[in-house]
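Report on the structure given below.
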Amino acid sequence: MERVGIGIIGCGNISGAYLKAMASFPILDVRGVADLNYDLAVARAGEFNVSARKIDELFADPKVEIIVNLTIPKAHVAVGLQALDAGKHAYSEKPLGINFEEGKRLAVAAKARGLRIGAAPDTFLGGGHQTARTLVDQGVIGQPVGGIATFMCPGHERWHPNPGFYYEVGGGPMLDMGPYYITDLVNLFGPVAQVAGFAVTPRKERVITSEPRNGEHIPVHVPTHVTGLMAFANGAVVQIGMSFDVAGHKHVPLELYGTEGTLIVPDPNHFGGDVELLRNGGAFELQLPTAPYGDGNYRSIGVADMAHAIRSNRPHRANGDLALHVLEVMEAFHTASESGGTVTIGTQTERPAPLSESLVDGRLAN
């Protein structure tokens with residue numbers, strides 16, 4: 001199968017994980033990396049033996065078919081629109097945009113141009129989550145009833161070298177970590193129908209404790225503790241808690257309940273991890289993996305699936321409809337908190353097809 005040319009814009013922390021993982025997928029041909037800070041692009045290019053390019057060069061390169069947008073959240077839609085204007089498909093880091101209206105602009109533009117958009121997270125394609133998907137699809141837990149999704153920590157200023165954007169508009173725990181959890185839940189349970197929630201900001205500034213900005217104070221412009229409920233179209237109701245204000249907790253990341261059992265799903269921020277099943281009257285038992293890509297960090301499998309989909313003329317899984325739906329759900333928690341009511345979700349999306357449908361000998365089709 002003919003390889004698909006990839007241009008990467010944004011050479012920050014996450015770009016290293018993408019470039020390392022892209023080597024696992026022969027269909028991806030990295031044509032170059034670019035950044036507003038050209039020196040940063042040069043450094044990243046040298047690390048992974050690829051070309052450092054100017055941003056305009058990537059947009060103009062006829063061999064680049066997909067722009068992978070790894071810029072900060074508030075630049076996702078602007079760069080995505082530039083990619084579409086250049087006739088490229090666009091795949092971005094999460095979230096799709098910093099608000100629903102902005103994300104919708106990108107989706108409308110892509111449809112008007114007959115181009116594809118996609119967005120992280122793609123961790124739901126990992127072996128742990130696809131194993132859980134198989135169990136749900138087989139009806140092992142019975143009729144889905146509910147679940148609990150939890151990410152809570154003291155804040156990213158403990159470890160990130162430049163954490164300010166996590167506390168700007170477009171940041172916060174819901175838009176930063178919520179995509180992993182909500183995307184995986186849509187993969188497992190289908191689309192969300194209604195949302196209720198509360199969002200609060202306990203502290204108006206944070207103190208960085210990581211290097212090189214240790215001791216610097218940064219302002220907080222977004223809620224940093226968000227909790228609520230998601231009512232899914234299949235009837236399940238899932239509690240969610242996303243926080244940068246919790247010292248520690250003992251919850252598992254994702255727990256699903258059905259009429260016939262309970263399923264422990266791995267951390268949605270990772271591709272693998274243990275899947276545990278409790279059947280009514282029994283005890284939790286470890287489930288053997290039934291899907292690949294659970295043994296490492298495959299942060300670019302969504303791009304690879306998109307590339308195969310382009311060549312095979314089929315839908316890709318980490319697609320724009322899914323990302324826009326998740327963005328609307330995340331924004332709905334803040335809307336519900338401000339209004340004191342329940343928010344009905346207007347977007348529709350299909351559950352992504354199980355990854356097994358495009359596997360050959362247990363791996364993504366090449």
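The values are calculated or read from the model by the stated rules, or taken from the named source; none is laboratory data. Worth saying up front: this structure is predicted, and the values here are computed from it rather than measured. Don't worry about glycine lacking a Cβ; one is built from the backbone with ideal geometry, like all the others, and counts go over all protein chains shown. Note: areas computed on protein heavy atoms with side chains; ligands, DNA, RNA excluded. Shrake-Rupley method; radii C 1.70, N 1.55, O 1.52, S 1.80 Å.
Couple of notes before you dig in:
- Among the listed options [x] 5, 24, 34, 26, 9, 1, 0; [y] 5, 21, 26, 19, 13, 10, 5, 1, 0; [z] 5, 26, 36, 26, 6, 0, 0, the one matching P(r) over Cα pairs in 10 Å bins from 0, in percent as calculated from these coordinates is [x].
- Set of lysines near Lys94 by C-alpha distance (under 21 Å), chain-local residues within fewer than 8 positions excluded: Lys20, Lys74, Lys104, Lys111
- The stretch 124-287 - charge dipole about Cα centre, Lys and Arg +1 at Cβ, Asp and Glu -1, debye rounded to 20: 260
- Taking the DSSP bridge list for the chain and keeping only pairs wholly inside it, about 60 percent are antiparallel.
- Under the criterion of Cα pairs below 8 Å and six or more residues apart, the relative contact order for the chain equals 21 percent.
- Solvent accessible area, Å² - Phe198, 1.4 Å probe, full protein context: 140
- Cα centroid separation, the stretch 146-178 to the stretch 35-79: 25 Å.
- The stretch 191-259 versus the stretch 285-307: alpha-carbon centroid distance in Å: 25
- Ligands, DNA and RNA left out, the accessible area of the chain computed with a 1.4 Å probe is 52% carbon and sulfur.
- Average accessible surface area per residue within the stretch 4-119, 1.4 Å rolling probe, Å²: 41
- Per residue, the accessible area of the stretch 124-287 comes to 39 Å², computed with a 1.4 Å probe over protein heavy atoms only.
- Most mobile of Phe284, Phe100, Phe124 in a GNM of the chain (Cα contacts under 10 Å): Phe284
- Largest-first ordering by accessible area, 1.4 Å probe, given options Tyr298, Tyr257, Tyr91: Tyr257, Tyr298, Tyr91
- For the chain, size of Cβ-based charge dipole, Lys and Arg +1, Asp and Glu -1, in debye: 480
- Note on Glu2: accessible area is roughly 130 Å² with a 1.4 Å probe, heavy atoms of protein only.
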